[in-house]
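The next block holds one structure in the form of structure tokens; read it before the comments.
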Amino acid sequence: MNSLFGWWWTDPIAGLVIAFFAARGGIEARKRDACATSVGMLLDQDDGTPDSAKQQEA
């Protein structure tokens, strides 16, 4: 828009819009807690047995 019409103010606004959507995406990803999952949790096989029963078996 700046090069076509000389609207210098459109570039900063576009940057703010991009920053807003990036922040919103980061907050949503954090709520799902996908990044905070430990490798042990991913490798652990969940067979539906409650944790208390697993501890008694060991």
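The values are calculated or read from the model by the stated rules, or taken from the named source; none is laboratory data. Treat the numbers as computed from the prediction; the structure is a model and nothing was measured. Methodologically, a virtual Cβ is constructed for each residue, glycine included, from the backbone with ideal geometry; neighbour enumeration extends over all protein chains shown. Each accessible area value is taken on the protein alone, full model and side chains, heavy atoms only, with ligands, DNA and RNA left out. Shrake-Rupley method; radii C 1.70, N 1.55, O 1.52, S 1.80 Å.
Pairs are defined by a Cβ separation below 8 Å, a sequence spacing of at least 6 or placement on different chains, a first member in the range 2-13 that is exposed (fewer than 10 other Cβ atoms within 10 Å of the Cβ), and a second member that is at pLDDT below 85 and part of a helix (DSSP H, G or I); the pairs so defined are Trp8/Asn2. Given the structure, is Arg24 at pLDDT below 80 and not hydrophobic (A, V, I, L, M, F, W, C)? The answer is no for Arg24. Evaluation of Ala36 against the conditions (1) among the small types (Gly, Ala, Ser); (2) open to solvent by 70 Å² or more (accessible area, probe 1.4 Å); (3) at pLDDT below 60 shows that the sole unmet condition is (2).
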